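Visitor: Below is one structure. I have some questions about it.
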Amino acid sequence: MPLIIGILKEREDKRVAITPDNIKRSKLKDAEWWIESGAGAESGFNNGMYVAPAKIVSRSEILQQANIIASIFPPADDELGSINKDALLISQFRPYQDESVQKKLADQPYKVISMDMIPRTTLAQAMDVLSSMASISGYRAVILAAQQLPRHFPMMITSAGSIRPAKVLVIGAGVAGLQAIATSRKLGAIVEAFDVRAAAKEEVQSLGAKFVEVEGAKDDKGAGGYAVQQSEEYLARQRAEVQARAMKSDVIICTAQVRGRKAPILIEADTIPQMRHGSVIIDLAASTGGNCALTENGKTIVRNGITIIGDSSLETGMPEDASQMYGNNVLNLLTHITKDGELNLRMEDEIVKGCLIKS
Ligand code: NAD
């Protein structure tokens, strides 16, 4: 029997978990790809583009018969009970943010992999959806800021006079932050960045940006690469540094997050009126509370002439490439967990141990 891999249509996202190109490049032996009708339509892949070994089927056929079911967001709660009991469900459950996940899945008979639990290791890099999506959102944050800013990014020397380059402040130099730094530099801006992880300093500097160091950060190598919660005293010193720099910045890109916790507030409300009129804040940490005290998740607001955009899913605005990259990550995971055309979940494998949230 061939392995049937079902791809669900997202209900509230333009992306799709596997593109026709992903399938063409798949080396999975004898697999059949069942695509829910319309799944790729909003990311530019219509039903006709999914050709053999892919075929278009209904949602219920996938839920009830596929051996592996992949999506970007989990199926609806009322669908969880109707999934093939022998299936492996692959999606993003964010169990570190949502306590109800384990309870919801506990009584289900099938296995579940959460793509956002893939370890952040070199070996697992090709399956790391958090990195691929953060990289897109870091890039898009800068493009969005450049569009909103009533000033140039690059220095301009013209017959009508000279224009100074924009100053960009990046808070949090993880995957999204580093991409935001690289994109801002390519557009000609002067860039400074903060992070609490010591490893970030060299990465920031290698991209041609200045690393702003606030002494005394807690850095735990045992936290899987993630930042740890800082003391209130440290954050107060950091806010003072941010404020001094925010006043001279044209754009601030916020990405600072601490996994499983509320994002640290690093731009206080009283910093906003002190910023240059027309400046732009893009807060990618909005869904976990934001780094700016005034951020409203999912909204663009203007306060004292400063535009504050709270959006943690800018990658969804670039669905074609985002689907392609997400699909590559899924494909690499599937290659890792199958052998000779069959599912081969090795429980002792570090990647499987990290992301299999229900066995
Ligand atoms: P994230 O989204 O959890 O956080 C974004 C950044 O905010 C991090 O760099 C974090 O250190 C920083 N931050 C947290 N509190 C802060 C504060 N008070 N001030 C300033 N910055 C603050 O991080 P991410 O982008 O998902 O990356 C997580 C980690 O995983 C990073 O260390 C990254 O380098 C690492 N990573 C490793 C690999 C790999 O080795 N294959 C792949 C991807 C990511």
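The values are calculated or read from the model by the stated rules, or taken from the named source; none is laboratory data. Model, not experiment: these values are computed from the prediction. No Cβ is skipped: glycine too gets one built from the backbone with ideal geometry, and neighbour counts run over all protein chains shown.
Visitor: Which numbered condition in (1) on the phi > 0 side of the Ramachandran plot; (2) within 12 Å of the ligand (Cβ to nearest atom) is the only one that ALA223 fails?
Guide: (1)
Visitor: OK, next. From the list ALA126, ALA146, which residue is hydrophobic (A, V, I, L, M, F, W, C), within 26 Å of SER43 (Cα to Cα) and either within 15 Å of the ligand (Cβ to nearest atom) or in contact with an Asp or Glu (Cβ under 6 Å, 6 or more places away or on another chain) (or both)?
Guide: ALA126
Visitor: Considering only residues that are surrounded by fewer than 17 Cβ atoms within 10 Å (Cβ to Cβ) and of a type in the set (Lys, Arg), look in the range 196-220 and name the one that is farthest from the ligand (Cβ to nearest atom).
Guide: LYS210
Visitor: Could you pull out the residue among VAL302, VAL242, VAL251 that is more than 11 Å from the ligand (Cβ to nearest atom) and in contact (Cβ under 8 Å) with a residue 40 or more places away in the chain?
Guide: VAL251
Yes/no matrix, rows are residues, columns are (1) modelled with pLDDT under 95; (2) crowded, with 18+ Cβ neighbours inside 10 Å:
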| position | (1), (2) |
| --- | --- |
| LEU63 | no, yes |
| PHE73 | no, no |
| ALA87 | no, yes |
| TYR96 | yes, no |
| LYS103 | yes, no |
| ILE118 | no, yes |
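Visitor: Give the range 261-279 a look and list any residue that's assigned to a loop (DSSP other than H, G, I, E, B) and not β-branched (Val, Ile, Thr), or say none.
Guide: ARG261, LYS262, ALA263, PRO264, LEU266, GLU268, MET275, ARG276, HIS277, GLY278, SER279
Visitor: Among the candidates ASN22, ASN47, which residue alone is at pLDDT 95 or above, touching a strand residue (DSSP E or B) at 6+ places or on another chain (Cβ under 6 Å) and surrounded by 13 or more Cβ atoms within 10 Å (Cβ to Cβ)?
Guide: Residue meeting the stated conditions: ASN47.
Visitor: Taking the residues in the range 250-270 that are of a type outside the set (A, V, I, L, M, F, W, C) and out of contact with any strand residue (DSSP E or B) (no Cβ under 8 Å at 6 or more places or on another chain) as candidates, determine which candidate is surrounded by the fewest Cβ atoms within 10 Å (Cβ to Cβ).
Guide: ASP270
Visitor: Right, next: Would you check if there is a residue in the range 336-352 being over 23 Å from GLN125 (Cβ atoms) and buried (at least 17 other Cβ atoms within 10 Å of the Cβ)?
Guide: No.
Visitor: In addition: Which members of the range 183-195 meet the condition of being among the hydrophobic types (A, V, I, L, M, F, W, C) and either without any contact (Cβ under 8 Å) to a residue 40 or more places away in the chain or more than 14 Å from the ligand (Cβ to nearest atom) (or both)?
Guide: Within the range 183-195, LEU187, ALA189, ILE190, VAL191, ALA193 qualify.
Visitor: Report yes if ILE171 is touching a strand residue (DSSP E or B) at 6+ places or on another chain (Cβ under 6 Å) and within 9 Å of the ligand (Cβ to nearest atom), otherwise no.
Guide: yes
Here's the yes/no breakdown for (1) more than 30 Å from ALA31 (Cβ to Cβ); (2) among the aromatic types (Phe, Trp, Tyr); (3) in contact with a Gly (Cβ under 6 Å, 6 or more places away or on another chain); (4) at pLDDT 95 or above:
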{"position": "MET275", "(1), (2), (3), (4)": "yes, no, no, yes"}
{"position": "GLY289", "(1), (2), (3), (4)": "yes, no, no, yes"}
{"position": "THR295", "(1), (2), (3), (4)": "yes, no, yes, yes"}
{"position": "LYS299", "(1), (2), (3), (4)": "yes, no, yes, yes"}
{"position": "ASN304", "(1), (2), (3), (4)": "yes, no, no, yes"}
{"position": "LEU314", "(1), (2), (3), (4)": "yes, no, no, yes"}
{"position": "ASN332", "(1), (2), (3), (4)": "no, no, no, yes"}
{"position": "THR335", "(1), (2), (3), (4)": "no, no, no, yes"}
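Visitor: Within the range 7-66, track down each residue that is part of a strand (DSSP E or B) and farther than 23 Å from MET133 by Cβ.
Guide: Listed by number, the residues that qualify are GLU32, TRP34, ALA54, LYS55, ILE56, VAL57.
Visitor: Also, quick follow-up: Which numbered condition in (1) part of a helix (DSSP H, G or I); (2) over 30 Å from GLY354 (Cα atoms); (3) not acidic (Asp, Glu) is the only one that LYS248 fails?
Guide: (1)
Visitor: When you go through (1) surrounded by 20 or more Cβ atoms within 10 Å (Cβ to Cβ); (2) within 13 Å of TYR326 (Cα to Cα) one by one for LYS14, which number turns out not to apply?
Guide: Only one criterion is unmet by LYS14, namely (1).
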